[in-house]
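Participant: Could you have a look at this structure, given as structure tokens, before my questions?
What follows draws every value from the coordinates through simple rules; no lab data is involved. Everything quoted here is computed from the prediction, not taken from an experiment.
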Amino acid sequence: MQGPSAGPVDPAAGRTDIERRWLRGDPEALAEAHRRYRVRLEGVAFHIVGSRADAEDVVQRVFQVLPRASYRGTASLWSYLYRAAVNGSVNLLRARRRRDRLSVDLAQETALAASAASDPESRVLEGELLACVARALLRVKPRHRRVLVLRVKHGLSNVEISRHEGIPPATVATWLRRGREELRAALGPTLRDLEGRR
């Protein structure tokens, strides 16, 4: 009895229809992949992040970047999407931990600053203001918040932040500008309220 042919294996032979369509550039392949895999991917993400809303956000992000992603058909599309959902979920957990650490740090600094002030009214006002800034910072996009904290809290220059984050200095400048705008917008009601107290 003869064994299987030892000739070259056609990598396209095992591909599904949707994978072949994706690799040909069919614009409907993304919509089909979304219909086919979204619910399963949300389940994968949910088991990691523990929140239905966060799982939906992770999967939405996977499908948003898929058109620009590097899927080339070397693995099944499901495997590629599964790995992207797992990575996105882990990144979300890391960002959540960083955000929580930032909140704790800001709360501790607020407490220290409040105890350092001698005037009780000043201490209360300063504590309220720092708490408002901490809450507003949490509403700034994570990447913009990171560069703001590196600039304001750690005093790093654009070039130093660029090296730390692994991004071009021009991107640092853009993220700083956007972060300041987002922080200003988040602080708007608080600043107006403080102006009204004067």
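Participant: Write down the Å³ per residue value for the convex hull defined by the alpha carbon atoms of the range 15-93.
Facilitator: Numbers: hull volume 6.3 nm³, N = 79.
Dividing the Cα hull volume of the range 15-93 by its residue count gives 79 Å³.
Participant: Here's another thing I want to ask about it. With θ set to phi - 60° and the Karplus curve 6.51 cos²θ - 1.76 cosθ + 1.60, what are the ³J(HN,Hα) couplings of the range 139-152 in order, to the nearest whole Hz, using x for Gly and Pro?
Facilitator: Calculated HN-Hα couplings, in order: 8, 7, 3, x, 5, 5, 4, 4, 5, 4, 5, 4, 6, 6 Hz.
Participant: I'd like the distance separating the alpha-carbon centroids of the range 141-182 and the range 33-82, in whole Å.
Facilitator: 29
Participant: Collect residues whose amide H, placed 1.01 Å from N in the peptide plane, falls under 5 Å from the amide H of residue 167; neighbours closer than 5 in sequence don't count.
Facilitator: Amide H to amide H, under 5 Å and 5 or more residues apart or across chains, residue 167 pairs with nothing.
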